[in-house]
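A.B. asks: Quick one: the structure is below, questions incoming.
Read-outs throughout are calculated quantities, based only on the coordinates presented, and are distinct from any laboratory measurement. This is a predicted model, so every value here is computed, not measured. Please note: Cβ atoms are built from the backbone with ideal geometry, for glycine as well, and neighbour counts cover all protein chains shown.
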Amino acid sequence: MQLFAADTALHSANNGFVLISAALVLMMTPALALFYAGFVRSRNVLNTMVMSFAAMGLVSVLWVLFGYSLAFSPGSGPLAPFIGGLQWAGLSNWSAPYGDGQLSHGAVAFFQLTFAIITPALISGAVVERMNFRAWLAFVALWSTFVYLPLAHMVWGPGGFLGPEGLGALDFAGGLVVEMASGVGAAVTAAVVGRRRSYPQHNSPPHNVPFILLGAGLLWFGWFGFNGGSGLVSGNLASLACLTTNTAGAAAALGWMVIETVQRGKPTAVGVATGAVAGLVAITPAAGFVSPLGALVIGFAAAVICNWALQLKNRSGLDDSLDVLPVHGVAGFLGILFTGLLALKSVNPAGADGWLAGNLAQFVIQLKAAGFTLLWVGVGTFVILTLLKTLMPLRASDADERQGLDINAHGEEAYNTEFTV
Amino acid sequence: MSTLNIPGDGASETVARITESFRVPSQSRQRRFLIAALTVPAAQLLAAGFQPAHAAEAATVSGPDNLLLLLSAAMVLLMTPGLAFFYGGFVQGRNVLNTMAMSFVMMGLATLVWASFGFSLAFADGGAAQAVVGNPFRYALLENLPEVWGGLAVPGVSFALFQGMFAIITPALISGALVERISFRFWCLFTPIWLLLVYSPLAHMVWGGGLLGKDLDFAGGTVVHISSGVTALVLAGLIGARRQWPQSLRPPHDVTQILLGTGLLWFGWFGFNGGSQLAVGGAEIPFTTTHVAAAAGLVAWSLVETWRDGKPTAVGMATGAVAGLVGITPAAGFVTIGSAMAIGAITAVLCYVSVQLKVKLRFDDSLDTYAVHGVGGTAGALLTGVFASAELIAAHPAGQVLAEQGRAALVVGQLQAVLVAYGLAAGGTFLIAGVLRGCGVRFRVPESAENLGVDVAEHGEEAYAERVGSPQRF
C-alpha cells in the first residue's frame with residue numbers, strides 16, 4: 001500500500017478508468033445476448049440469451065477460484081511461458097499494487113474477468129437453437145480453464161510465450177485471445193455439434209431486428225472500455241484506442257452498407273450492425289498501435305473480407321448459425337495481420353513498427369502467433385468436445401429442438417401472446 | 001496490454017519525417033535542388049501549423065480529466081442507439097428498421113465526415129475566415145492534433161473524439177421529422193453535406209472562437225438542438241406529410257422501445273452535458289442540473305397531460321424528460337440547480353404546446369423533432385440568458401456582457417445567436433436540398449414503397465418476420 005501514496009492522483013485516475021472500463025465490458029455480454037437473440041426464432045430466444053448470461057455467472061466463479069491466478073500470475077518451471085501458478089487463487093492479492101503501482105490487482109482482475117466472460121459467450125452464437133444447455137455449461141467451464149486461461153497467459157501474462165517477453169506478438173485488446181479464440185472455437189463447436197435440423201433448407205429470418213440493433217449499439221459503447229481500457233492508463237494511449245475503435249467501427253459499418261448496396265441494391269439494418277461489429281473486432285488487436293488513418297484502412301478491409309467470408313461460410317454448409325467464425329474469427333485474424341502491417345513505433349513506442357514501416361519481421365511474428373492460436377484453440381476445443389460427448393449428449397433431443405429450447409430447457413417462454421410460432 | 005505512454009513527438013521530428021519522405025535518391029542535382037527549395041519552406045509552414053498555439057503553457061494531460069472526456073464520449077455515442085430506439089418505438093412495425101438505420105448509419109457516416117474535415121472546420125484556427133469556419137486541412141484526418149488541447153488538460157485526440165459524438169447525434173435527430181417516407185439514399189447524401197456546410201461552421205462560430213463566441217451554449221442548445229430542429233422543420237416542409245397522415249394516425253408500435261430509448265438518452269446526457277465541462281473540476285454542476293431538469297420536464301409534462309386529458313401517459317413522461325434535457329443543454333454549467341428545475345419545467349410545457357400546435361396546423365413533423373428539439377433548444381437558449389448565474393459564467397465572454405450591460409443585453413445576445421443559427425440551418429438546408437433536387441435525387445420513396453413499408457422497400461428486410469401478416473412468416 002506504500003506505493004499508492006506516492007502518486008495518489010494518477011493512481012486513482014487510472015484505477016477509476018480501468019474499473020469503469022471493466023463495467024463497460026461486462027455490459028457487452030448482455031449486449032451480445034441481445035444481439036444474438038434478435039437473430040434466432042422466438043421459441044429459442046431465452047435459451048440463446050441465457051447461454052451468454054450463464055457465462056457471467058460461471059466464469060466469474062472460476063475466475064475468483066483460480067482463473068486470474070492461472071492466467072496472470074508468474075508461472076514456475078518449464079511451463080511458465082504457458083500457464084501461471086496458483087499463488088493468487090481466491091484473489092487474495094486484490095489490494096496489492098499491479099505492475100508499477102498505478103493500479104491495484106483487484107481492478108486488473110475485474111477488468112480481465114470481463115474479457116474471460118465474453119469470449120465463451122461469443123462461441124454460443126455458433127450453436128444456438130440446438131445445443132443441450134447442460135452440455136453448454138460444462139463446455140464453458142472446461143473451455144475457459146483449458147483453452148482460454150493458458151492462451152491469455154501466453155499473450156498477456158508475465159513471461160508469456162507469445163507476448164512481449166516471448167515471441168513478441170502485438171495484441172492490444174484481444175485479437176488472439178478473445179476474437180480469434182472465439183471464432184475458431186465456434187467453428188469447431190458448430191462442426192462437432194452439427195447443424196440445426198432445419199438448416200439450410202429452412203432459413204428462418206431474425207425474429208426481432210431491433211434487438212440486434214440494440215445489441216450492436218451497446219456493444220459499440222462497451223468496446224470503448226474493451227479497447228480504451230486495455231492500455232490500463234487514462235492517458236493519451238486511451239484516447240488513441242478510443243478514437244481508432246470508433247473510426248474502424250464506423251468505416252466497417254459504412255463499407256458493409258456499400259457492399260450490400262452494390263450486391264443486392266439495398267443496405268440492410270442487420271448489415272450495418274454486422275459491419276460495425278466486424279470493424280470493432282478487427283481494430284481490437286491494433287487499437288493502441290496504429291494511427292487513426294490505419295484504423296480507417298482496417299475498418300474498410302474488415303467490411304470487405306468479413307462480408308466475403310460470411311458468404312463463403314453460407315455456401316460451405318457449416319451451420320455457424322450467427323456467423324461467429326466470419327465476424328470474429330476472420331476479423332480477429334485480419335486485425336492481427338494488419339497490426340503487423342500498419343503498427344507504428346511513433347504512435348506507440350512500446351509497440352513495434354509493422355511491415356509498411358519496413359519491419360517485415362513483425363508481420364511474420366503476427367502470422368506465427370495467429371497460426372499458433374488457430375492450432376491451440378482448434379485442437380483444444382475439439383478434444384474438450386470429444387471428451388464431453390462421452391459424458392452427455394451435446395445436442396437437445398429432436399423433439400425439443402422442433403418445439404423450441406425455451407420451453408424445454410428452461411420451462412418458460414419469451415412472448416406469451418404477441419407472437420405466433 | 002501493457003502500460004505505455006504516447007511519445008512526445010515534437011514538430012522537429014515531423015519536419016524530419018516529411019523531408020525524408022520527399023527525398024528522391026537518383027535524380028538530377030537540379031531537380032533535387034528544386035524539390036528541396038520547395039519542400040523546406042512548405043515543411044516549415046506545416047511545422048508551424050503543427051505547433052499548438054498554447055505550446056508556451058507547457059500544459060500536461062490530467063488523467064482524471066481525460067477519463068471524464070473518454071467516458072463521456074462513450075456515453076454520448078450510446079445516445080444515438082438510444083435515439084434510434086426512442087424514434088423506432090413511435091413508428092409502425094414495418095418502418096422501424098429504416099427509422100433506426102437512419103440513426104445508426106450516422107455512427108458510420110458522420111464519424112468519417114468528422115474525422116476527415118469536419119473537426120478541422122469546426123475547431124481549427126480559420127485565419128481570415130476565423131469568424132465563420134476553421135481551416136479544414138489543419139487537422140484533416142485527425143492528424144497533427146496537439147498533445148494537449150489548448151486551454152484544457154486533455155489530449156487533442158480525446159477532444160476530437162468527444163466532439164465527434166455530437167456530430168453523430170445531431171443529424172440523427174433530424175431524421176425524426178422525416179420517418180416512414182424519406183428515401184434512404186437522399187438521407188445518406190444530405191447529411192454529410194449538411195455536416196460540413198451547416199454543423200461545422202455553427203460549431204466553429206459558437207465553440208471554435210467564431211462570431212458567436214459570446215453565446216452561452218454549454219453543450220449544444222444552439223449547435224445541436226436548434227440546428228437539427230430547424231433543419232427538420234425545413235426538410236419536413238419540403239418533403240411533405242406521410243400519405244396517410246393525419247387521416248389515419250397510427251399509435252406507436254412499441255412503447256417499451258420509446259422508454260428504453262429515453263432511459264439510454266437520459267444516461268448518455270450526463271456525458272453530453274457533464275462531459276462538456278471538459279474537466280473534472282466543476283463537472284458536478286452540469287451533471288446535477290442535467291438530472292434535475294430532466295426530472296422537472298418529466299413531471300411538468302405529466303401534470304399538463306393529467307390536467308388536459310385526465311391521465312399521464314408513458315409516452316408523455318418520456319417526451320417530457322427529453323424536453324427537459326434539451327432545455328438544460330445550453331445552460332447546464334451556467335445555472336444553479338433551482339434554475340435548472342425551472343428551465344426543465346418551462347421547456348417541457350412549451351414543447352407540449354408546440355406538439356399540440358403541430359397537430360392543429362397539420363404539419364407532419366412526424367416525431368416532433370422541431371417541436372421538442374427546435375422549440376426546446378430555442379427556449380433553452382433564451383432561458384439560459386434569463387437564469388445564468390453571474391458567478392458561474394464569470395470566466396465566459398458572456399460574463400462580461402452581464403457585468404457591464406445587464407441581463408437584458410445578455411438575453412438579447414442569446415436571441416441574436418438563436419437567429420443566426422436559424423438562418424444558417426434553414427438557409428443551408430434549402431441550399432443543399434435545392435442542389436440535390438437539381439441533381440435529380442428523389443427525396444421520397446415511391447407511393448407503393450410507403451404503403452408496403454420502407455423496411456422491405458429500402459432495406460429488403462423486416463423487423464419482426466414472425467409476426468402475423470409478415471410475408472416471410474412460415
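A.B. asks: Please state the shape class of the protein assembly as shown: rounded when a/c is under 1.5, otherwise prolate if a/b exceeds b/c and oblate if not, all from the C-alpha gyration tensor.
C.D. replies: Taking the square roots of the gyration eigenvalues as a ≥ b ≥ c, the protein assembly as shown is oblate.
A.B. asks: If you don't mind, another one. For A:CYS306, B:CYS439, which order do you get if you count the other beta carbons within 10 Å of each Cβ and list the fewest first?
C.D. replies: Neighbour counts put them in this order, fewest first: B:CYS439, A:CYS306.
A.B. asks: Another one. Mind checking which of A:ARG41, A:ARG196, A:ARG264 has the largest fluctuation in a GNM of chain A, springs on alpha carbons under 10 Å?
C.D. replies: A:ARG264
A.B. asks: For a quick check, take a GNM of chain A with Cα springs below 10 Å and name the residue from A:ALA107, A:ALA135, A:ALA186 with the largest mean-square fluctuation.
C.D. replies: So, out of A:ALA107, A:ALA135, A:ALA186, the one fluctuating most is A:ALA135.
A.B. asks: Related question: Could you grab the relative contact order for segment B:293-368? Cα pairs under 8 Å, six or more apart, rounded to a whole percent.
C.D. replies: Normalised by residue count, the contact order of segment B:293-368 is 38 percent.
A.B. asks: Less than 29 Å apart at the alpha-carbon level, and either on another chain or at least 8 residues along: which lysines does that give for B:LYS358?
C.D. replies: B:LYS311
A.B. asks: Against the longest principal axis of chain A, how steep is helix A:133-143, in degrees 0 to 90 to the nearest 10, with axes from Cα atoms?
C.D. replies: For helix A:133-143, the angle is close to 20 degrees.
A.B. asks: Can you pull out the chymotrypsin sites (Phe, Trp or Tyr not before Pro) in segment A:226-298 that DSSP calls coil and that have at most 13 other Cβ atoms within 10 Å?
C.D. replies: Listed in order of number, the matching sites amount to none.
A.B. asks: Normalised by the number of residues in chain A, what is the relative contact order in percent for Cα pairs under 8 Å and 6+ residues apart?
C.D. replies: In percent, rounded to a whole number, it is 22.
A.B. asks: Here is a follow-up. Local charge sum around B:THR262 (other residues, Cβ-Cβ under 14 Å, Lys/Arg +1, Asp/Glu -1)?
C.D. replies: -2
A.B. asks: Which of the DSSP-defined H helices in chain B satisfy a minimum axial length of 24 Å, computed from C-alpha atoms, and a minimum mean Kyte-Doolittle hydropathy of 1.6?
C.D. replies: For chain B, where a helix must reach 24 Å along its axis and average at least 1.6, the hits are B:96-113, B:156-174.
A.B. asks: Next up: What order do you get for B:354-365, B:455-466 when each peptide is scored by the mean count of other beta carbon atoms within 10 Å, highest first?
C.D. replies: In decreasing order of mean packing, B:354-365, B:455-466 become B:455-466, B:354-365.
A.B. asks: Most mobile of A:SER182, A:SER316, A:SER239 per a Gaussian network model of chain A (Cα springs, under 10 Å)?
C.D. replies: Comparing A:SER182, A:SER316, A:SER239 in a Gaussian network model of chain A, the most mobile one is A:SER316.
A.B. asks: I would also like to ask the following. To the nearest whole number, what is the average tally of beta carbon atoms from other chains within 10 Å of the beta carbons of peptide A:263-273?
C.D. replies: Averaged over the peptide's residues, the number is 6.
A.B. asks: Test of understanding: extend the Cα→C-beta vector of B:VAL359 to 7 Å, then name every residue of segment B:270-299 with backbone N under 19 Å from that spot.
C.D. replies: B:298-299, by backbone N distance to the label point.
A.B. asks: So what is the calculated 222 nm ellipticity per residue for the protein assembly as shown, using -39500 (n - 2.57) for each DSSP H run with n of 4 or more, over all residues, to the nearest 500 deg cm²/dmol?
C.D. replies: Per the formula, -19500 deg cm²/dmol.
A.B. asks: What lysines could a cross-link reach from A:LYS345, if we take a straight Cα to Cα line under 21 Å and drop same-chain neighbours fewer than 8 places away?
C.D. replies: Hits, sequence-local ones excluded: A:LYS368.
A.B. asks: Also: Taking each residue in A:285-295, count the Cβ atoms of any other chain within 10 Å of its Cβ, then average. What number comes out?
C.D. replies: 2
A.B. asks: In debye to the nearest 20, how big a dipole does chain B give about its Cα centre with +1 on each Lys and Arg Cβ and -1 on each Asp and Glu Cβ?
C.D. replies: 1120 debye
A.B. asks: On a 0 to 90° scale, report how tilted helix A:360-391 is relative to the longest principal axis of chain A, with both axes built from alpha carbons and the result rounded to the nearest 10.
C.D. replies: 50 degrees
A.B. asks: For segment A:117-179 and segment B:343-390, what is the centre-to-centre distance using only Cα atoms, to the nearest Å?
C.D. replies: So the separation of the two Cα centres works out to 51 Å.
A.B. asks: Sequence gap at least 6, Cα distance under 8 Å: using those rules, report the relative contact order of segment B:62-459 to the nearest whole percent.
C.D. replies: The normalised contact order for segment B:62-459 reaches 23 percent.
A.B. asks: Still on this structure, please answer the following. Net charge near B:ALA381: determine it from the other residues with C-beta under 11 Å of the C-beta of B:ALA381, scoring Lys and Arg +1 and Asp and Glu -1.
C.D. replies: Result for the neighbourhood of B:ALA381: -2.
A.B. asks: While we're here: Could you tell me whether segment B:62-459 comes out rounded, prolate or oblate from its Cα gyration tensor? Rule is a ≥ b ≥ c as square roots of the eigenvalues, rounded for a/c under 1.5, then prolate if a/b exceeds b/c, otherwise oblate.
C.D. replies: oblate
A.B. asks: Also: Per-residue Cβ counts within 10 Å, from other chains only, averaged over B:370-376: what number is that?
C.D. replies: 0
A.B. asks: Continuing with this model, one more query. For the pair B:SER448 and B:THR256, how long in nm is the line joining their label points, each one 7 Å along Cα→Cβ?
C.D. replies: Label-label distance for B:SER448 and B:THR256, simple model: 3.6 nm.
A.B. asks: I've got another one for you. Can you check what the net charge comes to around A:ALA282, using other residues whose Cβ is under 15 Å from the Cβ of A:ALA282 (Lys, Arg +1; Asp, Glu -1)?
C.D. replies: Result for the local shell: -3.
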